[in-house]
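Inspection log for the structure reproduced underneath, given as structure tokens.
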Amino acid sequence: MAEPILETRALTRRFGGLRAVNNASIAFDEGVVHAIIGPNGAGKTTAINLLSGDLPPTSGTIRFRGRDITARPVQRRVRMGIGRSYQKTNILPELTCLDNCRLGALSRLPGGLARIRPSRAARRQVQARAEHALALCGLEARAGTVAATLSHGEKRQLEIGMMMATEPTLLLLDEPLAGMGQEESRRVTDLLRRLAADHTMILIEHDMDAVFAIAERITVMVNGAVLETGSVERIRASATVREAYLGEEAEP
């Protein structure tokens, strides 16, 4: 059996007396879309923050491609191939779409954004990565558009493009469909499907129709703990999951 691309072992994060993530052990297989679902306050975003390096764990370990990355900062993880999008769109509104993606590409260079004067070859590499990322997220025609003027859905696409400019192999996506109308949601769902063909994806999303359409495996979290992990079919059929989460969502 192949080793998981990412694995947590007894991962825990406390905030005072609250265990936001409690002894969570999850294996994420390479090339799979793995969704993390659960009610509000289940610990989903805290779990993503631990995986990305935005938060340190209180205890437990995180392994990426067999290497312990528990103490590695965000930038080290980015250079290893871990990309992240946020629950609240995280772009620079005063810059153009292309310049936003250039910043993403710059972060992959040795020295990252602190590198004052990249070489000519590095600048060409950054430009190529930025243009490719815009094409991936469907905004190549908006390269010169100031990000502040984009629609909500386009801003989410741009944030995904900034992530793709870092050339990640593992994508961490925190509620990418939040606040969208039906047409925007369909467009971003289609984008996620395209990206899933060539990337491992860990997805947090409250839109259960989208989760069931995109995900191949699902982990259900409740009160910071892992309730169940399995295939989409197993999770949909689980009485325990319906009682703890899905059944609550279906009630009027």
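The values are calculated or read from the model by the stated rules, or taken from the named source; none is laboratory data. Here the structure is a predicted model, which is why all the values come from computation and not from measurement. Reconstructed Cβ throughout: ideal geometry from the backbone, glycine too, with neighbour counts over all protein chains shown. The area values use the complete protein model at the heavy-atom level, side chains included, leaving out ligands, DNA and RNA. Shrake-Rupley method; radii C 1.70, N 1.55, O 1.52, S 1.80 Å.
The residue that is nearest to residue 11 (Cα to Cα), among those in the stretch 71-86 that are out of contact with any Gly (no Cβ under 7 Å at 6 or more places or on another chain) and surrounded by fewer than 18 Cβ atoms within 10 Å (Cβ to Cβ), is 71.
Without any contact (Cβ under 8 Å) to a residue 60 or more places away in the chain, in the same structural domain as residue 229 (by TED's automatic domain parsing) and open to solvent by less than 30 Å² (accessible area, probe 1.4 Å): is that true of residue 8 in this structure?
Taking the combined requirement at face value, the residue satisfies it.
Of the residues in the stretch 176-185, at least one is within 20 Å of residue 104 (Cβ to Cβ), outside the structural domain of residue 128 (by TED's automatic domain parsing) and of a type outside the set (Val, Ile, Thr).
Taking the stretch 55-69 as the range and being open to solvent by 10 Å² or more (accessible area, probe 1.4 Å) and under 19 Å from residue 219 (Cβ atoms) as the test, the residues that pass are 55, 57, 60, 61, 63.
Based on what the data block shows, is residue 202 under 14 Å from the mean Cα position of the chain (by Cα), under 22 Å from residue 49 (Cβ atoms), in the same structural domain as residue 21 (by TED's automatic domain parsing) and in contact (Cβ under 8 Å) with a residue 60 or more places away in the chain? Quick ask: steps written out before the conclusion?
Values: under 14 Å from the mean Cα position of the chain (by Cα): yes; under 22 Å from residue 49 (Cβ atoms): yes; in the same structural domain as residue 21 (by TED's automatic domain parsing): yes; in contact (Cβ under 8 Å) with a residue 60 or more places away in the chain: yes.
Here the answer is yes, as residue 202 does meet what is asked.
Report yes if some residue within the stretch 228-241 is in contact (Cβ under 8 Å) with a residue 24 or more places away in the chain and not in a helix (DSSP H, G or I); otherwise report no. Looking for residues that are in contact (Cβ under 8 Å) with a residue 24 or more places away in the chain and not in a helix (DSSP H, G or I), one finds at least one in the stretch 228-241, hence yes. Residue pairs whose Cβ atoms lie under 7 Å apart, sitting 6 or more positions apart in sequence or on different chains, and linking a residue in the stretch 20-49 that is closer than 18 Å to residue 216 by Cα and in the same structural domain as residue 61 (by TED's automatic domain parsing) to a partner that is open to solvent by 10 Å² or more (accessible area, probe 1.4 Å) and polar (S, T, N, Q), are 26/229.
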